[in-house]
1. For segment B:260-279, state whether one or more residues are surrounded by fewer than 20 Cβ atoms within 10 Å (Cβ to Cβ), among the hydroxyl-bearing types (Ser, Thr, Tyr), under 28 Å from B:Pro116 (Cβ atoms) and in contact (Cβ under 8 Å) with a residue 40 or more places away in the chain.
2. Which condition number in (1) in contact with a helix residue (DSSP H, G or I) (Cβ under 8 Å, 6 or more places away or on another chain); (2) touching a residue at least 60 places away in the same chain (Cβ under 8 Å) is the one that B:Pro234 fails?
3. Check segment A:294-309 and report whether any residue there is at pLDDT below 95 and farther than 21 Å from B:Val320 by Cβ.
4. Could you check how many residues of segment B:242-292 are hydrophobic (A, V, I, L, M, F, W, C) and more than 30 Å from B:Gly141 (Cα to Cα)?
5. Just to be sure, is A:Phe127 of a type in the set (Phe, Trp, Tyr), in a helix (DSSP H, G or I), open to solvent by less than 20 Å² (accessible area, probe 1.4 Å) and touching a residue at least 24 places away in the same chain (Cβ under 8 Å)?
6. Mind checking which residues of segment B:8-28 are within 21 Å of B:Pro90 (Cα to Cα), modelled with pLDDT under 80 and either of a type in the set (S, T, N, Q) or in contact with a Phe, Trp or Tyr (Cβ under 7 Å, 6 or more places away or on another chain) (or both)?
7. Can you confirm whether segment A:240-254 contains a residue that is part of a strand (DSSP E or B), open to solvent by 10 Å² or more (accessible area, probe 1.4 Å) and of a type outside the set (Phe, Trp, Tyr)?
8. Which is touching a helix residue (DSSP H, G or I) at 6+ places or on another chain (Cβ under 8 Å) and closer than 30 Å to B:Arg12 by Cα, of B:Ala174, B:Ala167?
There are 2 protein chains.
Amino acid sequence: VERLTRDASQARVTPVILSGGTGTRLWPLSRRDRPKQMLPLLEGRTMLQRTADRAADSGLFAAPLVVTAAAHADEVAAQLGEGARLIVEPAGRSTAPAIALAALALDPRDLMLVMPSDHLILQPERFAAAVAHGLDAAQAGMLVTFGVRPTRPETGYGYIRRGEAFADGVFRAAHFVEKPDAATAASYVESGTHEWNAGIFLFAARAYLDALAVHAPDILAAAQAAMAAPGGSPARTLPEPESFAAVRAESIDRAVLEHADNVVVVPVDMGWSDVGSWAALHAVSSADAAGNSVTGAATLLNTHGCLIRSEGPHIVAVGVENLVIVATRDSVLVVPLAQSQTVADAVRRLSEDRPELL
Amino acid sequence: VERLTRDASQARVTPVILSGGTGTRLWPLSRRDRPKQMLPLLEGRTMLQRTADRAADSGLFAAPLVVTAAAHADEVAAQLGEGARLIVEPAGRSTAPAIALAALALDPRDLMLVMPSDHLILQPERFAAAVAHGLDAAQAGMLVTFGVRPTRPETGYGYIRRGEAFADGVFRAAHFVEKPDAATAASYVESGTHEWNAGIFLFAARAYLDALAVHAPDILAAAQAAMAAPGGSPARTLPEPESFAAVRAESIDRAVLEHADNVVVVPVDMGWSDVGSWAALHAVSSADAAGNSVTGAATLLNTHGCLIRSEGPHIVAVGVENLVIVATRDSVLVVPLAQSQTVADAVRRLSEDRPELL
């Protein structure tokens, strides 16, 4: 594995993009073989490309390192072009092991900017400023997280309670909880002191590995075994499958962040969305005067507040409101925007009845 | 042209099926090249086949005579099989000229049972009884219509006011109005004395031609010119195009029935529907416990009162009510059942933007 070497005093950051997800919440657009991050959900570049674009300033960032699944490796390489390096996970084991693979592929002194590949940041300049704010803390060995003001009692995210100031624009993470229950999440939103963990992290490779050694030594050991003599090439690293397959699936939140005492948070208002539902996509999409966000062939009459998206068939909507209507070559979805999170239930049903459609 | 000849005292009736329509109200299922009558709207046989089935008793009925357009002739022949004879209209000119072509192809003494090809009769045995009731009147030279109890102030139909009794189950048509305005239609529905003209007629060929000679001699003359030396074969008659193209387009209602004094009506409750909208189709379709009528591949969750129909794509509907969702290979329609008559507006728009979809 090629390791970046440089003067430790000169902060150069490797973007580590996690592209292992196989989300089903944007079905029928997202599929097993074409997950959300591969799609141009907003016009133009795909979510993966937008993620790489956010860390493309060569004065600060090295070439990106992408942790992905074998099924998606070629598409990742095609979308990011030359320069991007890949680590191909032998199996999906959530974020803690994935980030460990990346940390072990880098020089221990390297800073890593870990980013999910399928989130949206509408104001990337604010994100860049927040990263700049966190650099000193990361170089000092802290685990830097980025906090987004919660707008609803979401139970699927991690929450961070902001503690005392650590540096300019950087605070100690006083408390960290992933996926609280609904009542707890509601109390967090009301408190005004909790923020969503945006799933973006900045730290030195060594700091993360050290934290793993303390809080999840089994994950560290399995990752080290998998990366001791990996296969592949410098452009595409293949960790040893058996060692990695044995590791438990665990998020970085649960494995490290909830336990470590060197976690800080940089609050940032950057138009962040995990685009975790059709409603979330509608919220960040541009809409016409009637509130309709339309992509692809469609004819609308007396239709308001809808998300209409076609990959081929011509959609005609007449007299409907606040609906999601998505058509692909083989599937059509119709669901109220307010219920778009229930698409997961439909996908579960399809996985039994029509698995070829997933 | 082959003419049926027989003893005039023995009533044998030729079913005359009008299959010239190119309805757009069931778009995207119905298309220019595959109109409503060609479709199996209910399970099994197509609307055209069901129409022929209604007059298949060989003790009473001769082989059917179908008046259709050149674009649909092959499909009509394929659907009805051997025995059916076709008259291929050089151009669509509404019902009065079409029926004139059929009357001229028959022996003047033949009785004709004129039927639209795209209506539904859920209780065909009641229809057969009504036809039997009308036979004597038709043989006596009357123009027999069939009246259906109106259930709404429809402005697209003809209304017949029932007059004095003419025979058992047969009444004089005291007044006849096609397509009244909304207020008039409402007064007709309230009156209890008006019935819908089901568009089905029983009369001797000579009686219709005589009525045309009095009330629409131009239509009779044009039809006679077109049928003086037609082309084609006994199985497929081709009226002379130039003569026929010159005739005015007029319904039998306006050309004859509103003026003639020898019109009678046979009231009949037979589960009649012209299936003129998706809502009308939903009303006559069988539905599951949640009120959904589903044809083709679909997965429904928490969905009620919907008409779901696919010709290929898998439709997933979650949390919706009283919607029409129709998917074909190239188009998707979503409209509330209660607004399904507005599909015509959408089709009008498509005829400008995407005429290839019609």
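1. Looking through segment B:260-279, at least one residue is surrounded by fewer than 20 Cβ atoms within 10 Å (Cβ to Cβ), among the hydroxyl-bearing types (Ser, Thr, Tyr), under 28 Å from B:Pro116 (Cβ atoms) and in contact (Cβ under 8 Å) with a residue 40 or more places away in the chain.
2. Going through the list (1) in contact with a helix residue (DSSP H, G or I) (Cβ under 8 Å, 6 or more places away or on another chain); (2) touching a residue at least 60 places away in the same chain (Cβ under 8 Å), B:Pro234 breaks only (1).
3. Taking segment A:294-309 first, the residues at pLDDT below 95 are none.
No, segment A:294-309 contains no residue that is at pLDDT below 95 and farther than 21 Å from B:Val320 by Cβ.
4. So in segment B:242-292, the residues hydrophobic (A, V, I, L, M, F, W, C) come out as B:244-247, B:249, B:252, B:255-257, B:260, B:263-266, B:268, B:270, B:272, B:275, B:278-281, B:283-284, B:287, B:289-290.
Retained after the next criterion (residues that are more than 30 Å from B:Gly141 (Cα to Cα)): B:275, B:278-281, B:283-284, B:287, B:289-290.
Looking only at that region, the number is 10.
5. Working: of a type in the set (Phe, Trp, Tyr): yes; in a helix (DSSP H, G or I): yes; open to solvent by less than 20 Å² (accessible area, probe 1.4 Å): yes; touching a residue at least 24 places away in the same chain (Cβ under 8 Å): yes.
When the stated conditions are applied, A:Phe127 passes them.
6. Answer for segment B:8-28, where residues must be within 21 Å of B:Pro90 (Cα to Cα), modelled with pLDDT under 80 and either of a type in the set (S, T, N, Q) or in contact with a Phe, Trp or Tyr (Cβ under 7 Å, 6 or more places away or on another chain) (or both): just B:Thr22.
7. Our first condition is that a residue be part of a strand (DSSP E or B); within segment A:240-254, this holds for none.
Checked against the condition, which is being part of a strand (DSSP E or B), open to solvent by 10 Å² or more (accessible area, probe 1.4 Å) and of a type outside the set (Phe, Trp, Tyr), segment A:240-254 yields no hits at all.
8. Numbers: B:Ala174 fails: touching a helix residue (DSSP H, G or I) at 6+ places or on another chain (Cβ under 8 Å).
Only one candidate passes the filter, namely B:Ala167.
The values are calculated or read from the model by the stated rules, or taken from the named source; none is laboratory data. This is a predicted model, so every value here is computed, not measured. Glycine also receives a Cβ, built like all others from the backbone with ideal geometry; neighbour counts cover every protein chain displayed. Surface areas here come from the heavy atoms of the whole protein model, side chains and all, with no ligands, DNA or RNA. Shrake-Rupley method; radii C 1.70, N 1.55, O 1.52, S 1.80 Å.
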